[in-house]
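Have a look at the structure below before the remarks.
Just so it is clear, none of the values below were taken in a lab; they were calculated from the coordinates. Note that the structure is a prediction, hence the values are computed from the model and not measured. Cβ atoms come from the backbone with ideal geometry, glycine included; neighbour counts cover every protein chain shown.
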Amino acid sequence: MNTVKGKKTGWGFNPKTIDSSVRPQDDFFLFANGGWIKKTKLPSDESRWGSFIMLRHKTDYQQHTLLNELLKASRIKEGPEKLVRDLYRSAVDMPLRNKLDTTPIIKWQRVVEDISNTKDLLNYITKAHRVGISALWNSSVDQDSKKSDSYILHLYQGGLGMPERDYYLKNEAEQKRVRGAYLAHIDALLKLHGKTAEERAHISRVVLEIETRLARASMNKEDTRDVEKTYNKMNLSSLGYLSPSINWKHYFKNSGIKNVSTVIVATPNFFKEISRMLETISIDDWKTYFSWHLINDTASLLSEKFVKENFAFYGTVLSGAKKMKPLWRRALGTVNGTIGEALGKLYVERYFPQSAKKRMYALVSDLFIVYEDRIRALDWMSAQTKKKAILKLRKMNRKIGYPKRFRTYRGLKVDPTDYFGNIIRAHEQAHNREVRKLSRPVDRKEWFMTPQTVNAYCSFNLNEIVFPAAILQAPFFDENADDAINYAGIGAVIGHEMTHGFDDQGSKFDGNGNMKSWWTKKDEKQFAKRASLIAKQFDQYEAAAGVQVNGKLTLGENIADLGGLSIAYDAYQKRLRVTGRKNIDGLTPEQRFFLGFAQAEREIARPEFLKMAALTDPHSPAPCRVNGPVSNFEEFYSAFKVQKEDALYRPKNKRAKVW
């Protein structure tokens, strides 16, 4: 039997979580989850709490069990177990970290201090990039979106200490609050490093000036998710013309990147401005800026006082969490973030049976059949475009549970007495692994999430959807639950990721993962018209007091939410034709399905987190992710008898139906 806080619920949803004082026709999220919300206290070390976060807690404790067993083992052989154990040991050894204090970064501070010219600056940027320390811009190796069978180097904007450019550029209440707190954070962290008041004031001024200039040159968040605007392919001559102050050949050579002929520059204006900044900003000011980012980026790796100050800004100011997660959970996060597949191999061996993988494959296959049927039935798309959409869908690969081949991290030195060094070496190994891709064919077996991650993703270039083992648990999937709950839970998650391949950006890629139009012009306009309805709808929602949802930023996720709901519902109806219909607790199969959908998005969050997410996150807040899709869904109107006077009612000409 499924359980909620130790109580048997029988079918995967506890009716006590319903708030009967709320009409489902007015606020379905609150109707389905209001009883739970009233009784639930947000843990002090969390900025939000709900279905996803609670499951992440569960998987953390599962992994903690594995770690404790490794720590107790009298002998342990070389391999993933030893890597995991020793990295975790180094992270939780706070007495040693306190004793070392700032010693681990002294060598790096001297490198910054020794900078005397632009060449030295570039050398430092290269070294920093190799080990994961922030330095002006970012780079990565990924597929070429117009030639998906090959890798290419991507360059994109970076260099900010706050999460998003608008924190520097806007003077609205939330941006001013965070900007003031950021300056206080700079001052506090520098004080811990022994800087005088005069030095701290100077450093704060220089850092904010440089970062504000970088923010002005940065592409806005809406455009950064536009795959066409961020695809700017250049040869080295064009790159040099764009940013003449940067010796790119020197940068590539020191980064271990050989035989580069072309790159993709996501944000050209940013690199143009960096080149100008390198000519106009003094070396001393650059040293001040890089010294700050070294301090800020490594604070969480040092002694407890630095960890606490780092949390005070990034945890409390930005996300609203009242206290830090326990040390073991923070250490676990480090393990997952650096050698995650080593721990993932142990996780799936213990917690993910082959039977679960087989059940998921069957469910995914059912949803693919339904999605194809929905495409065939679309009344706004031409037969020509439908044929290509179906071809893309049929080519879409699906990965479930865990990779066929786990990463070994062979050659990585992990010392249980050197936490800082372990992280630096792990980042450098990861950098070298990525660089080697440039001379190799695309690895279509690679995973970009670990098996123990409670999440899922869609890759446009690989044309694939991926579901790690950890999300295949209640409340998303439970073999003992009512079918309505499983289809509304994991079924909607699967449908969501499938729809990403056909959202406002995914729809720009063909079945081979290439950015290539496969639409007729008329169909493209019809699609855009329907998508604009969703964007306008979500623009009307408030994320938190004084901060609106950004319909353009969240458009892809909102299209995917509606698609996931639609596909999962159809698949459930198909299932009902096999199993038969019955009411449970006075609820029809359809009503149970929608309750399961709302349960999967159940969440409470702190105002600080909601405001930050509205400014930076392409996902809408939880209530919008429930009320938004169902208010567009005709079958919801029928299940709960929604009428014209009800709050969730939308006129038929304003109801969005894309896929």
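In debye to the nearest 20, how big a dipole does the chain give about its Cα centre with +1 on each Lys and Arg Cβ and -1 on each Asp and Glu Cβ? Present the calculation step by step, with values, prior to reporting the outcome.
Numbers: 107 positive and 76 negative charges, 295 e Å.
My answer is approximately 1420 debye.
Report the net charge of residues surrounding Leu100, where surrounding means a beta-carbon distance below 13 angstrom and charges are Lys +1, Arg +1, Asp -1, Glu -1. Present the calculation step by step, with values, prior to reporting the outcome.
Details: positive: Arg97, Lys99, Lys107, Lys305; negative: Asp93, Asp101, Glu304, Asp415, Asp418.
With Lys, Arg at +1 and Asp, Glu at -1, the net is -1.
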Additional length obtainable on full extension of the chain from Lys272 to Tyr61, 0.36 nm per residue less Cα span = 71.2 nm
How fast does the range 107-301 diffuse by Stokes-Einstein, in µm²/s, taking the Kirkwood radius from C-alpha pairs at 4 °C and 1.567 mPa s?
-> 73
Where does the Debye-calculated log10 I(q)/I(0) of the range 377-416 sit at q = 0.28, 0.34 Å⁻¹, using only Cα point scatterers of equal weight, no solvent?
-> -0.97, -1.11
Among the listed pairs Lys41/Lys611; Lys16/Lys641; Lys582/Lys654, which are separated by more than 24 Å between their Cα atoms?
-> Lys582/Lys654
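To the nearest 0.05, how large is the calculated FRET efficiency for Leu96 and Arg436 if R₀ is 30 Å and r is the Cβ-Cβ distance?
Details: r = 34 Å, r/R0 = 1.12.
Using R0 = 30 Å, I get an efficiency of 0.35.
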Could you pull out which residues in the range 390-422 have an amide N less than 18 Å from a spot 7 Å beyond the Cα of Lys358, following the Cα-Cβ vector?
-> 400-402
Starting at the first residue of the range 24-36, write each ³J(HN,Hα) from the Karplus equation 6.51 cos²θ - 1.76 cosθ + 1.60 with θ = phi - 60°, in whole Hz, x for Gly and Pro.
-> x, 6, 9, 8, 5, 4, 6, 4, 6, 10, x, x, 5
How many percent of all Cα-Cα pairs in the chain sit more than 34 Å apart?
-> 48
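Kindly provide the GluC sites (Glu not before Pro) of the range 438-482 that DSSP labels as loop, not H, G, I, E or B, and whose Cβ sees at most 10 other Cβ atoms within 10 Å.
Loop-located and lightly packed - Glu479.
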Separation in nanometres of the label points that stand 7 Å from Cα toward Cβ, at Asp373 and Asp187 | 6.4
Using the structure shown, list the pairs from Lys229/Lys522; Lys229/Lys253; Lys127/Lys323 with a Cα-Cα distance above 30 Å, or answer none.
-> Lys127/Lys323
Any chance you could give the angle, 0 to 90 degrees and rounded to 10, that helix 283-298 forms with the longest Cα principal axis of the chain?
-> 50
Of the listed peptides 40-50, 485-495, what is their order by residue-averaged count of other C-beta atoms within 10 Å, with the highest listed first?
-> 485-495, 40-50
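Regarding the range 188-232, what whole-number volume in Å³ per residue does the convex hull of its Cα atoms give?
Residue-normalised Cα hull volume stands at 102 Å³.
Considering Cα pairs under 8 angstrom that are at least six residues apart, work out the relative contact order of the range 107-301 and quote it in whole percent.
Numbers: 223 pairs, mean separation 58.4, N = 195.
30 percent.
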Percent RCO, i.e. relative contact order, over the chain, from Cα pairs under 8 Å lying at least 6 residues apart = 21
Express the relative contact order of the range 273-421 as a whole percentage, based on alpha carbon pairs under 8 Å and six or more residues apart in sequence.
-> 24
Expressed as a fraction of 2.2 N^0.38 Å, the rule-of-thumb size for a compact globular protein of N residues, what is the C-alpha radius of gyration of the range 26-164?
-> 1.59
So, with points 7 Å from each Cα along the Cβ direction, the Lys82-Ile106 label distance in nm works out to 3.0
The chain: angle of helix 118-130 to the longest principal axis, Cα-based, in degrees nearest 10 = 40
Report the label-to-label distance for Val578 and Ser638 in nanometres (one decimal), using points 7 Å from each Cα along the Cα→Cβ vector.
-> 2.1
Relative to the longest principal axis of the C-alpha atoms of the chain, give the angle of the C-alpha long axis of helix 383-395, reported between 0 and 90° and rounded to the nearest 10°.
-> 60
Gain upon complete extension [Lys322, Asp539; 0.36 nm per residue less C-alpha separation] = 75.1 nm
Of all DSSP beta bridges with both partners in the range 107-301, the antiparallel percent, nearest 5, is 80
With a/c under 1.5 counting as rounded, go ahead and sort the range 90-201 into rounded, prolate or oblate using the C-alpha gyration tensor (a ≥ b ≥ c being the square roots of the eigenvalues; past the cut-off, prolate if a/b is larger than b/c, else oblate).
-> oblate
Taking a spot 7 Å from the Cα of Val227 along the direction of its beta carbon, which residues of the range 507-541 have an amide N less than 16 Å from it?
-> 507-520, 524, 528
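From the cross-link list Lys525/Lys652; Lys39/Lys536; Lys191/Lys325; Lys221/Lys392; Lys107/Lys322, which pairs have alpha carbons spaced over 31 Å apart? Let's see the in-between values first.
Values: Lys525/Lys652 20 Å; Lys39/Lys536 34 Å; Lys191/Lys325 24 Å; Lys221/Lys392 28 Å; Lys107/Lys322 34 Å.
Checking Cα-Cα distances, Lys39/Lys536; Lys107/Lys322 exceed 31 Å.
Restricting to the chain, compute how many DSSP beta bridges are antiparallel as a %, nearest 5.
On the way: 24 of 32 bridges.
Looking only at bridges with both residues in the chain, the antiparallel portion is about 75 percent.
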